[in-house]
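Notes for the one structure printed next.
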Amino acid sequence: RLVVLDRFDGRVRWTRDALFNFRHNAIAVGGGKVFCLDRMTDQRLAHFRRRGQVPVTDFCLYALDLQDGSVVWQSTEQTFGTWLAYSAPSGLLLQAGSKNRDRADDEVGKGLAVFQAATGELVWRNDDEYGGPPLLYPDTIVTQGTAYDLRTGAAIQRSHPLTGEQ
């Protein structure tokens with residue numbers, strides 16, 4: 001369950017129950033919205049499928065109005081990640097994973113998707129593998145591996161400071 005509180009008086013503004021799960025790293029706030037993934041990890045989904053229990057509805061990426069919790073937009077098309085990050089300067093939302101040796105075993109370790117935060121329109125997606133969690137700095141997605149341009153998804157290369165090689 002998501003619970004949004006008024007930061008001045010502590011009163012509950014609104015709540016939303018998950019159909020599956022709201023993972024703590026897959027919640028981001030910005031631009032007057034709360035972004036969240038309501039999904040199971042692939043590992044948990046495989047556990048249920050082995051027992052013949054398949055979800056009757058799709059996982060969902062939501063953009064909820066920060067003031068009242070109403071759905072601004074939702075998407076069931078691109079719901080693979082375990083990590084969300086919002087870029088205020090660009091108005092973009094990053095969905096990714098944060099797989100690494102010091103993270104939970106069921107973290108996603110491949111795939112990046114960027115959405116227009118206002119509309120939910122997919123800007124770009126790739127299925128690259130990386131170590132996470134990814135960081136936004138400022139228009140660059142920095143992973144423990146490749147860095148990407150947030151707006152285009154292009155891999156960013158730079159010269160080695162000592163050798164000049166890329």
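Values in this text are rule-based calculations from the coordinates and carry no lab data. Because the structure is predicted, anything quoted here is derived from the model rather than measured. Ideal geometry is used to build each Cβ from the backbone, glycine not excepted, and the neighbour counts take in all protein chains shown.
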Item to complete: Those residues that are surrounded by 20 or more Cβ atoms within 10 Å (Cβ to Cβ) and under 12 Å from F115 (Cα atoms), I need them from the stretch 63-74; list them, please.
Response: A63
Response to the item:
Note: among R44, R50, R13, just one is among the basic types (K, R) and either crowded, with 20+ Cβ neighbours inside 10 Å or within 23 Å of D127 (Cα to Cα) (or both), namely R44
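Given the residues G52, G69, G81, which is the only one that is in contact with a Phe, Trp or Tyr (Cβ under 8 Å, 6 or more places away or on another chain) and either part of a loop (DSSP other than H, G, I, E, B) or among the hydroxyl-bearing types (S, T, Y) (or both)?
Only one candidate passes the filter, namely G69.
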Fill in: Selection count where residues are in contact with a Pro (Cβ under 9 Å, 6 or more places away or on another chain) and among the β-branched types (V, I, T), scope the stretch 125-166
3
Response to the item:
Flagged pairs (Cβ under 9 angstrom, 6 or more apart or on separate chains; first in the stretch 17-45, closer than 19 Å to Q67 by Cβ; second part of a helix (DSSP H, G or I)) are none
